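Here the structure comes first, spelled out in structure tokens, and everything after it is commentary.
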Amino acid sequence: MSIYIVRPRETLAARSIVLISRKFTSASRQSQIEEVSSLRMEDPVDQGIRRWLSDSQSRGVIHISKKKSYTKITGTTIVEMPDEEAERLRRDFPDALVLRDQQIELIRPRRSISSAKHKIKAPDLWHLRAIGIEAARKNGYKGSGRDVTIAELDTGVDPSHPELEGKIAGAYTFDVNQWEAQPMTPSQDTEGHGTHVAGLICGNKVGVAPGVKVLSGVMIPGGYGNLSDFILALEWAGTQPEVKIVCMSAGIRGYLPEMREVVADLLTVGVLPVFATGNEGRNRTRSPGNYNEVVSVGAINRKNRVASFSSGGTLIADNHQYVVPDLVAPGVDVYSSVMGGGYEAWDGTSMATPIVSGIAALILEKYPDISVTDLIDELLSTCKDLRQHEDRQGKGLVQIKAAR
Amino acid sequence: MKLEERHIKKIDPLLRDALRDAKGDEVLRAVMVLGPQGIDARKEYRGQELASSQFPSHEAYRKALIERRQSELVHDTGETRQALEDLSLTLRGGKISKTVVVEGSARQILASLELSGVRHASLDQPIGLIEPRRRGDKRSKK
């Protein structure tokens, strides 16, 4: 006996484009759910699968999924059955997806809890000065990235830090074997990295866009994940309608083509990927930060020089030559929130990436109808040229100009 | 297992080595890109943009993009997905992308490389945090 996930091969989404042409207000939500449920119940493939499963109970087919209301929306049923019955179901219903479930081995998190209490001082916030935010705020700029949600695919976020209270819209872990994101309540940081990154996106004092909501995807618990976790995490982020930007600072050294397609598809569904290039220095980059399809981010220091560790170089893929990073942002001696409270100064393209994500959110706040390609153009065309080689600085230092 | 040149062209060195060393029934997990060779992904999406101003909200716009992509994928990768499942391989993913995670015996993964709809495959492998330098001595104290 094994556990199987059974559902119609074709999603209702593929046939229900008319459903999305209306407002998704809470008032119309219930009628929409009823309409989707009704469509599902009328689906001949769904009817056939349900009948088959019901008729097969005598052959050892056991329903596991109990939430019928949920099943009515997704058409997915979890059943336990002998492998030969699963084969029979596949033969009888070619339009049914019958996927065998697998157990997942947990990667144990490593925690580094700081109990110290600290506070941040104005001179520490050089990263906000370098990108023009401090001056803009002094001149009355009120942008905060309100109504923008960023999916942060990282180690998780500590939402209790004063910089981040009320800003974490949700947290999810990923189960590759069941191919689903599961709510993590409450949100936690499994390693510490994600809390520092989140602070730079939306922290009250240290953040670029304090009005942004962060959806935390724990893609690399304890700092370790797999390629398959990455693909699931990107699929999850890409299918969350509220997400506009994906911020990620993880990768595999070298150029790995497998992730490129799924990254490109983020653009197809209107999401901006902002990825770190890596901390390996010249001519050494990581995928997916070195794909042409992403906004790739390098790091500079307080002197506006590209940090020696910041990855960059010229790449050739599919007969195209291009350079990474696309742009740079502060990534040396950058103060942000740390798990458990307080602040620390860290170095890395991981620090530069959320700063660029925050600027993108500010542009989105000002131009909510902007397309993802125009958003990329806005980010790149308003950079400050630092007069360094393009394969070190890209277009230059990201600036708030486009959002003002 | 013995690999031919046509197999090696489609796979990364890690999967090549894993398949060479594997017994036929050993279970492997691979990441596969489905669809024809040589697609410029950026070109593919550039020609398809919907204007967000056509929709009542950005969420509705994003939902339209997601659903259209899912619909396209049913058309573009449906046959290959079916063929992979017919090989008793377990497929996961591919909701908005032609990239899927495939698990099954080494023998069947090798057989799947014969499918014209399997463009490239790689062994599932660790992905690392881009580790920053954390300087505790730079803490700002109260």
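The values are calculated or read from the model by the stated rules, or taken from the named source; none is laboratory data. Bear in mind the structure is a predicted one, so any value in this text is a computation, not a measurement. Note: ideal-geometry Cβ built from the backbone for every residue, glycine included; neighbour counts use all protein chains shown. SASA here: full protein model, heavy atoms, side chains in, ligands and nucleic acids out. Shrake-Rupley method; radii C 1.70, N 1.55, O 1.52, S 1.80 Å.
Skip the ligands, DNA and RNA, and give the accessible area per residue of the stretch A:209-360 with a 1.4 Å probe, whole Å².
On a per-residue basis, 22 Å².
Efficiency by 1/(1 + (r/R0)^6): what FRET value for A:GLU87 and A:ALA135, r their Cβ-Cβ distance, R0 = 60 Å, to the nearest 0.05?
Plugging the Cβ-Cβ distance into 1/(1 + (r/R0)^6) gives 0.35.
Note down the accessible area of A:HIS320, probe 1.4 Å, to the nearest 10 Å².
Counting only protein heavy atoms, A:HIS320 exposes about 90 Å² to solvent.
Taking 8 Å as the Cα distance limit and 6 or more residues as the minimum spacing, I'd like the relative contact order of the stretch B:5-125 as a percentage.
Relative contact order here is 50 percent.
Give me the distance in nm between label points sitting 7 Å out from Cα along the Cα-to-Cβ direction at B:ARG133 and B:ARG6, one decimal.
My value for the distance between the label points is 5.2 nm.
Given R₀ = 25 Å, FRET efficiency for A:ARG282-A:TYR322 by Cβ-Cβ distance, to 0.05?
For R0 = 25 Å, the calculated efficiency reads 0.95.
What shape does the stretch A:194-307 take by its C-alpha gyration tensor, where a ≥ b ≥ c are the square roots of the eigenvalues and a/c under 1.5 counts as rounded, a/b above b/c as prolate, and the rest as oblate?
Cα axes put the stretch A:194-307 in the oblate bin.
Just from the alpha-carbon atoms, what are the Rg and Dmax of the stretch B:5-125 in angstroms?
16.8, 56
From the backbone phi of the stretch B:64-75, what are the Karplus-calculated ³J(HN,Hα) couplings (6.51 cos²θ - 1.76 cosθ + 1.60, θ = phi - 60°) in whole Hz, Gly and Pro given as x?
Along the stretch B:64-75, the couplings run 4, 5, 5, 5, 5, 5, 5, 5, 4, 5, 4, 6 Hz.
So how much accessible surface do A and B hide from each other in total, probe 1.4 Å, in square angstrom to the nearest 100?
Result for this pair: about 7100 Å² buried.
Within chain B, which is the longest segment that contains none of the GluC sites (Glu not before Pro) sitting in a DSSP loop with at most 16 other Cβ atoms within 10 Å?
For GluC sites (Glu not before Pro) (loop position, at most 16 other Cβ atoms within 10 Å), the longest site-free span of chain B is B:50-113.
Taking 0.36 nm per residue of separation and subtracting the Cα-Cα distance, what length does fully extending A:ASN204 through A:GLN47 add?
51.3 nm is the gain from fully extending A:ASN204 to A:GLN47.
Build a GNM of chain B with springs between Cα atoms under 10 Å: which of B:ALA83, B:ALA64, B:ALA51 gets the top mean-square fluctuation?
B:ALA51
Any idea what the dipole of the stretch A:285-403 comes to, in debye rounded to 20, about its Cα centre with Lys/Arg Cβ at +1 and Asp/Glu Cβ at -1?
Around 500 debye, computed over the stretch A:285-403.
Skip the ligands, DNA and RNA, and give the accessible area per residue of the stretch B:5-125 with a 1.4 Å probe, whole Å².
42 Å²
Give me the percent of accessible area attributable to carbon and sulfur for the stretch B:5-125, probe 1.4 angstrom.
Result for the stretch B:5-125: 49 percent of the exposed heavy-atom area is carbon or sulfur.
Give me the percent of accessible area attributable to carbon and sulfur for the stretch A:131-225, probe 1.4 angstrom.
49 percent
Subtract the Cα-Cα distance of A:GLN57 and A:THR373 from 0.36 nm times their separation in residues, and report this length gain in nm to one decimal.
Result for the pair: 108.6 nm of gain on full extension.
Could you work out the relative contact order of the stretch A:122-403? I mean the mean sequence separation of Cα pairs under 8 Å and 6+ apart, divided by the number of residues, in percent.
21 percent
As an exercise, identify the trypsin sites (Lys or Arg not before Pro) in the stretch A:267-368 lying in DSSP coil whose Cβ has no more than 12 other Cβ atoms within 10 Å.
A:LYS303
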